[in-house]
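K.L.:
Quick one: this structure, given as structure tokens, is what I'll be asking you about.
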Amino acid sequence: MSDDGKDDRTEEEELDCSHPEVVNKYQQAGAVANEALKAVAAACQDGKSVADLCALGDETLNAALGKIYKGKKMEKGIAFPTCISINNCCGHFSPLKEDSVDLKKGDVCKIDLGAHVDGYVALAATTVVVGEGEITGRKADALQAAKVAADTIIRLLQPGKKNSELTGLIEKAVEAFGCKSVDGVVSHQIKRYSTDGTKVIINKNVPGQQVEECTFELHEAYAVDVVVSTGEGKARELETKCTVFKRAPDNKYNLKMKSAREALFKIEKSHPKMPFSLREIDDSRVRLGITECVRHELLQPHPVLYERDGEFVAQIKFCVLLMPSGPIKITGWEGPEGVKSDKTVEDEEIVALLKQPIKPKKKKAAAADAAKA
């Protein structure tokens, strides 16, 4: 609040990555997300409960957030609750204890989470395989397809480029490994208190799912999300209970049930802008009221989605700041070593692109290289 009682947030929301304090907050949130991602990845072992691992991720996020900006009045918190989606599950599996499953050797686990500092969001996801040192076969194809697609995107995510220039190359990178991008998964521009800005990159062309063409600009921030499948990339809901929700701020409704009113009040107080998991809510009455909130579109569910049985799905997600010196990757962990696919990219444009550095060389270094040539 300013001295005259007006909310300063509107003005602050306009700040972009041209402001050093904004970059620092993104980077601090990114460091927190990376720490949690690595902690959960290390704990993904045979026999471990997925609910316990998700709780570990959230606890790690909160503990790390508590160590930064101490003594300053600043919002910090979980920007996306920890989800661990196994094998053909595409995402958003963050079960309650009573609905949890245990990991088994060979399970392909997508770990997805996020943190924010003062509303500046850092999201991250990676894929690990439980108990396997060397990863081969279709599991390796999925992991390598996701990695090559992610490596392609970050080299094209530059000021002046258009989102339409990326989609075709992403498709080629993924299909080189006999895989498909999962329908509906997109990369978004991110802004303060927002994980889904208006600028969007689609991972494959699907009839009816076109997005508006846009140009990337200096000092913007993006969350790059790559989810690939060894199947057709057609995700669908099954019977798994949805536990991840987000308040739909523009929707209003006069709820009749007392439990629903109580649920909405508590959610607006504790999670007004960011997604949350039912694991964070111990009150059974509040959980009961959430159903009516969803029915009247006051809460947006993040349903658990699946590819067909027997397929494997891999995910890589990271956040990038578009800076004058080149893109700054604030989140992301490349995942396990020992991935050995028997397939490779042969498209000449992608091969040439992957040889390029992510950040452009400085003029002196580039001149020296030219002199050697």
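The values are calculated or read from the model by the stated rules, or taken from the named source; none is laboratory data. These numbers were taken from a predicted model, which means no experiment stands behind them. Neighbour counts are summed over all protein chains in view; Cβ atoms, including those assigned to glycine, are modelled from backbone coordinates with ideal geometry. Accessible surface is based on the protein model in full, side chains and every heavy atom, while ligands, DNA and RNA are left aside. Shrake-Rupley method; radii C 1.70, N 1.55, O 1.52, S 1.80 Å.
Rundown of residues vs (1) assigned to a loop (DSSP other than H, G, I, E, B); (2) farther than 27 Å from P324 by Cβ, yes/no style:
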{"site": "T167", "(1), (2)": "no, no"}
{"site": "K172", "(1), (2)": "no, yes"}
{"site": "V224", "(1), (2)": "no, no"}
{"site": "T240", "(1), (2)": "yes, yes"}
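K.L.:
Looking at (1) touching a residue at least 24 places away in the same chain (Cβ under 8 Å); (2) in contact with a Leu (Cβ under 9 Å, 6 or more places away or on another chain); (3) not hydroxyl-bearing (S, T, Y), which is the only condition K204 fails?
P.N.:
(2)
K.L.:
Test T215 against the criterion of being open to solvent by 40 Å² or more (accessible area, probe 1.4 Å), more than 24 Å from K234 (Cβ to Cβ) and touching a Cys at 6+ places or on another chain (Cβ under 9 Å), and give yes or no.
P.N.:
no
K.L.:
Further question on the same structure: Any chance you could count how many residues in the range 250-290 are farther than 26 Å from V182 by Cβ, open to solvent by less than 40 Å² (accessible area, probe 1.4 Å), among the hydrophobic types (A, V, I, L, M, F, W, C) and in a helix (DSSP H, G or I)?
P.N.:
6
K.L.:
Sticking with this one: Could you tell me whether any residue of the range 182-191 is part of a strand (DSSP E or B), open to solvent by 50 Å² or more (accessible area, probe 1.4 Å) and modelled with pLDDT under 95?
P.N.:
For the range 182-191, residues part of a strand (DSSP E or B), open to solvent by 50 Å² or more (accessible area, probe 1.4 Å) and modelled with pLDDT under 95: present.
K.L.:
Tally up the residues in the range 291-324 that are outside any loop (DSSP other than H, G, I, E, B), open to solvent by less than 30 Å² (accessible area, probe 1.4 Å), at pLDDT 95 or above and not hydrophobic (A, V, I, L, M, F, W, C), please.
P.N.:
The number of residues fulfilling the criteria is 2.
K.L.:
Can you tell me which residues in the range 192-222 are hydrophobic (A, V, I, L, M, F, W, C) and not in a loop (DSSP other than H, G, I, E, B)?
P.N.:
V200, I201, I202, A221
K.L.:
Continuing with the same structure: Take the residues of the range 335-350 that are open to solvent by less than 70 Å² (accessible area, probe 1.4 Å) and under 26 Å from the mean Cα position of the chain (by Cα): which is modelled with the lowest pLDDT?
P.N.:
The extreme case among them is G335.
K.L.:
In this structure, is K38 surrounded by 14 or more Cβ atoms within 10 Å (Cβ to Cβ), of a type in the set (D, E, K, R), in contact with an Asp or Glu (Cβ under 9 Å, 6 or more places away or on another chain) and modelled with pLDDT of 95 or more?
P.N.:
It is false that K38 is surrounded by 14 or more Cβ atoms within 10 Å (Cβ to Cβ), of a type in the set (D, E, K, R), in contact with an Asp or Glu (Cβ under 9 Å, 6 or more places away or on another chain) and modelled with pLDDT of 95 or more.
K.L.:
Related question: In the range 103-113, is there at least one residue being part of a helix (DSSP H, G or I) and either at pLDDT below 95 or not aromatic (F, W, Y) (or both)?
P.N.:
Scanning the range 103-113 turns up no residue that is part of a helix (DSSP H, G or I) and either at pLDDT below 95 or not aromatic (F, W, Y) (or both).
K.L.:
Here's another thing I want to ask about it. Check whether at least one residue in the range 265-273 is β-branched (V, I, T), at pLDDT 95 or above and in contact with a helix residue (DSSP H, G or I) (Cβ under 8 Å, 6 or more places away or on another chain), and report yes or no.
P.N.:
Within the range 265-273, not a single residue is β-branched (V, I, T), at pLDDT 95 or above and in contact with a helix residue (DSSP H, G or I) (Cβ under 8 Å, 6 or more places away or on another chain).
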